[in-house]
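Working notes, structure below.
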Amino acid sequence: MTVLSSKRFSRITLPLLSGFLLALSFPRPGLFPLAWIALIPLFVVIADQGPAKAFLSGWLVGLVYFGGTLYWIMLSLVRHGGLPWLISFLVLFLLVSYLATYIGLFAALFRYAIADKKNAGLFVAPVLWVSLEWAKGRLLSGFPWAGLAYSQTSFLSMIQMADFGGIYIVAFVVVLCNRALYLGFTGNGGRAESPVHIRWQPLAAGCAVFLLGFFYGAFRLSESFEGSETKAQMTIAVIQGNIPQDQKWDRRFQKQTLDTYRRLSTAAMRDSLRKHDLIVWPEAVLPFVFGTEAVQEQGLRDFAADKGVYLLFGAPSIGMSSPGKVSLRNSAYLLSPDSGQAAQQYNKLHLVPFGEYVPFPEFLFFIEKFVEGVADFAPGEDAVVFKVNQARVGTAICFEVIFPEIVRRFVQNGATVMTAITNDAWFGRSAAPDQHFSMTVFRAIEHRIPFARAANTGISGFIDARGRVMRETALFEEATATATLSLRQQTTLYTRWGDFFAAFCAIISISFLCMTWIKRRKKDAC
């Protein structure tokens with residue numbers, strides 16, 4: 001009876017432990033080494049389970065994992081969405097439950113794939129994990145937030161391999177090392193009833209893969225990605241105005257908001273020893289629709305001309321989403337110091353579900369009644385690259401930066417430096433701004449391209465082509481930061497091939513599962 005109770009207890013506590021370890025590995029608190037052992041409790045508990053029970057164990061891991069990293073969604077819905085606590089909790093629970101399904105599928109498919117194999121799983125586990133995480137980043141508009149690789153942002157030597165296989169090759173190595181440690185210390189095939197002894201083969205394989213990734217990263221960090229002083233650099237200032245969310249669209253504060261950004265921009269240029277090429281203001285920084293306020297817009301053009309600098313900022317705009325239909329767009333504009341030159345414009349490609357549009361409106365027609373300020377925005381069509389002197393500037397708006405494929409489009413269109421503009425005031429002082437900022441590190445490494453990030457309330461700053469944070473501002477304070485960035489000089493394998501590694505893992509997963517199914521059908525027939 002005691003043994004049975006102990007087993008039931010472990011079936012709950014071990015998945016919970018895996019989930020907590022995964023959540024703790026992400027910013028904040030960012031205890032990234034925990035991710036390298038976080039899946040071991042899950043492997044222990046599913047060792048003697050069938051696919052159905054393994055799914056439930058994996059789902060429980062995901063519930064804690066994603067609940068611990070995405071808790072801030074509930075706070076944002078209450079504070080800025082106007083939803084009651086109960087409904088906000090239910091929304092969070094539904095999202096987390098959906099995301100946890102991918103971890104459940106990982107556990108179930110893994111047990112199905114290796115049920116008849118004593119020593120299999122060392123490479124099956126990471127291949128399945130990558131396949132499902134890739135699917136999570138694409139299905140139903142995609143939500144790659146809290147992908148396993150993002151827990152390793154501080155481990156720069158290990159994540160340099162992202163210039164080859166993106167976030168998915170890093171996740172592959174983390175999962176493989178988890179499985180290697182599990183197999184190495186839990187007996188024959190990792191089954192619970194096996195005597196515990198050290199198995200050196202999986203440990204050696206895991207160590208070899210880890211060291212290969214680490215030394216590749218050390219080599220890449222030692223390289224120089226900079227060009228010459230005179231031909232391949234630009235000086236950028238990012239401005240953080242710290243405008244309270246409840247004032248952003250209040251016309252009484254319109255002049256005050258613009259004055260704040262002009263004042264901070266002037267101070268940043270005055271305090272710098274180098275002439276600025278570009279000033280970057282955050283997403284939707286203008287408290288009006290661009291193109292509707294001639295006086296205010298002329299003031300911005302005059303400011304850019306007077307300072308002799310390009311000015312990049314976010315603002316809503318009006319466009320035609322279809323013949324005869326006018327819609328709002330979340331846009332970025334670039335004003336030239338030549339006041340007679342037309343503004344360059346980029347319209348956000350990937351909109352925020354339930355924040356900028358309601359997906360599946362024929363089924364979710366009631367959502368607008370629950371959420372305050374839900375606007376029906378239309379997406380843009382192309383990753384427009386701005387021309388700033390010799391540089392070509394791409395601009396990711398808000399959570400576009402979490403989608404590797406979107407930044408890749410800018411780089412393929414010729415971007416030599418990237419900017420990210422956002423308003424993270426919605427997140428308060430939660431872990432979300434740190435998580436959001438950390439994902440930019442991977443976008444920089446994937447394409448060896450520097451990033452300048454301007455956020456209304458922070459975190460603003462700069463990241464170089466190695467993924468190193470050059471400057472970083474504090475949250476919820478007025479701030480400016482200036483850096484001289486070296487323009488992108490090379491084209492990485494990831495830029496050329498994108499998520500080919502994840503796609504390859506998906507093909508291997510499907511093939512392996514199909515072969516396993518065929519073999520079992522033949523065995524059952526006999």
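The values are calculated or read from the model by the stated rules, or taken from the named source; none is laboratory data. All values reported here derive from a predicted model rather than from experimental measurement. Because the Cβ atoms are built from the backbone with ideal geometry, glycine has one as well, and the counts that use them run over all protein chains shown.
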Which of the numbered conditions does ALA465 fail, given that it passes all the others? Conditions: (1) buried (at least 22 other Cβ atoms within 10 Å of the Cβ); (2) more than 15 Å from MET234 (Cβ to Cβ); (3) not charged (D, E, K, R). (2)
Within segment 407-439, considering residues that are of a type in the set (A, V, I, L, M) and over 24 Å from ASP277 (Cβ atoms), the one surrounded by the fewest Cβ atoms within 10 Å (Cβ to Cβ): ALA431
Condition met for LYS325 (surrounded by fewer than 22 Cβ atoms within 10 Å (Cβ to Cβ), touching a helix residue (DSSP H, G or I) at 6+ places or on another chain (Cβ under 9 Å) and among the basic types (Lys, Arg)): no
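Rundown of residues vs (1) buried (at least 20 other Cβ atoms within 10 Å of the Cβ); (2) in a helix (DSSP H, G or I), yes/no style:
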site: ALA474; (1), (2): no, no
site: GLU477; (1), (2): no, no
site: LEU485; (1), (2): yes, no
site: ARG488; (1), (2): yes, no
site: TYR494; (1), (2): yes, yes
site: ALA502; (1), (2): yes, yes
site: ALA506; (1), (2): no, yes
site: PHE512; (1), (2): no, yes
site: THR516; (1), (2): no, yes
With respect to SER25, determine if the residue is in the same structural domain as GLU133 (by TED's automatic domain parsing), within 14 Å of ALA431 (Cβ to Cβ) and crowded, with 22+ Cβ neighbours inside 10 Å. yes
Filter segment 226-249 for residues that are within 27 Å of the chain's Cα centre (by Cα) and part of a loop (DSSP other than H, G, I, E, B); which is modelled with the lowest pLDDT? GLU226
Could you run through segment 250-294 and say how many residues are assigned to a loop (DSSP other than H, G, I, E, B) and exposed (fewer than 15 other Cβ atoms within 10 Å of the Cβ)? 6
Can you tell me which of VAL127, VAL170 is within 20 Å of the chain's Cα centre (by Cα), modelled with pLDDT of 95 or more and not assigned by TED's automatic domain parsing to the domain that holds ASP464? VAL170
Got a number for residues in segment 28-39 being buried (at least 20 other Cβ atoms within 10 Å of the Cβ) and over 18 Å from ASP434 (Cα atoms)? 3
